[in-house]
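The values are calculated or read from the model by the stated rules, or taken from the named source; none is laboratory data. These numbers come from a predicted model, not from an experiment. Counting neighbours? That spans all protein chains shown, and the Cβs are built from the backbone with ideal geometry, glycine included.
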Amino acid sequence: DQQVKQNSPSLSVQEGRISILNCDYTNSMFDYFLWYKKYPAEGPTFLISISSIKDKNEDGRFTVFLNKSAKHLSLHIVPSQPGDSAVYFCAASAGNQFYFGTGTSLTVIP
Amino acid sequence: KAGVTQTPRYLIKTRGQQVTLSCSPISGHRSVSWYQQTPGQGLQFLFEYFSETQRNKGNFPGRFSGRQFSNSRSEMNVSTLELGDSALYLCASSLVRDTDTQYFGPGTRLTVL
């Protein structure tokens, strides 16, 4: 049972435009959410996180939005750069276990 | 500070064999988690160790087991390998867990023939 879902397996965006990656979850007990970026042949690297007590967190070009009522999480990248091309995983946790989505492959076209 | 290291990086085994994967966490990190990544399934949680104790376990058969040593290094073992065990196995370490950020190693690519 996939508790964290990323329904878009891939996304293509022009350089300089906004990339929006989406994530839905089913468990209302999740209280911490993260985004990871993964390049081929490397492990995922932490990008940004948000606690359930917030609805927005920014770090440079990356902003994560949390809509608890909709059980929806999104990552905005503005402006998108070719180096952002990677697979992005969202993750959620409740206690000691993290649940990951299946990933969205982002391609930023120069 | 050195990152999470995993050995070996690549492994080829045949059905029925067993395999042991190793993970060395970031110095000072006491929690180690293992994940299996397969196409279309994302990262599936295997188990998490903290202070040599398994704190949490995912929904995998008993053929998958692990342990953690006093220096926080961890090993994962898969017995009686099946073709479906072919995957990238990722190890992640964090200070304690919960809201601590997890840092991932590069993974071990296991191919079962």
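Got a sec? Which strands (runs of 3 or more DSSP E) wholly within region A:8-90 have at least 3 residues that are out of contact with any Gly (no Cβ under 6 Å at 6 or more places or on another chain) and touching a residue at least 40 places away in the same chain (Cβ under 8 Å)?
In region A:8-90, A:10-14, A:19-25, A:32-38, A:72-77 are the strands (runs of 3 or more DSSP E) which contain 3 or more residues that are out of contact with any Gly (no Cβ under 6 Å at 6 or more places or on another chain) and touching a residue at least 40 places away in the same chain (Cβ under 8 Å).
Which one of these is over 13 Å from the mean Cα position of the chain (by Cα), of a type outside the set (Ser, Thr, Tyr) and modelled with pLDDT of 90 or more: B:Arg67, B:Arg15?
Numbers: B:Arg67 fails: over 13 Å from the mean Cα position of the chain (by Cα).
Within the list B:Arg67, B:Arg15, the selection yields B:Arg15.
Among (1) more than 9 Å from every other protein chain (Cβ to nearest Cβ); (2) at pLDDT below 95, where does A:Phe100 come up short?
If we test A:Phe100 against (1) more than 9 Å from every other protein chain (Cβ to nearest Cβ); (2) at pLDDT below 95, just (1) comes out false.
The rows are residues; the columns are (1) among the hydroxyl-bearing types (Ser, Thr, Tyr); (2) under 10 Å from the mean Cα position of the chain (by Cα); (3) buried (at least 21 other Cβ atoms within 10 Å of the Cβ).
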{"site": "A:Tyr36", "(1), (2), (3)": "yes, yes, yes"}
{"site": "A:Ser51", "(1), (2), (3)": "yes, no, no"}
{"site": "A:Gly60", "(1), (2), (3)": "no, no, no"}
{"site": "A:Ser69", "(1), (2), (3)": "yes, no, no"}
{"site": "A:His72", "(1), (2), (3)": "no, no, no"}
{"site": "A:Pro79", "(1), (2), (3)": "no, no, no"}
{"site": "A:Pro82", "(1), (2), (3)": "no, no, no"}
{"site": "A:Cys90", "(1), (2), (3)": "no, yes, yes"}
{"site": "A:Leu106", "(1), (2), (3)": "no, no, yes"}
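For every residue, the table says whether it meets (1) without any contact (Cβ under 8 Å) to a residue 60 or more places away in the chain; (2) more than 9 Å from chain A (Cβ to nearest Cβ); (3) in contact with an Asp or Glu (Cβ under 7 Å, 6 or more places away or on another chain); (4) buried (at least 19 other Cβ atoms within 10 Å of the Cβ).
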residue	(1), (2), (3), (4)
B:Gln37	no, no, no, yes
B:Leu46	yes, yes, no, yes
B:Arg55	yes, no, yes, no
B:Phe60	yes, yes, no, no
B:Arg67	yes, yes, yes, no
B:Asp85	yes, yes, no, yes
B:Asp100	no, yes, no, no
B:Phe104	no, no, no, yes
B:Gly107	no, no, no, yes
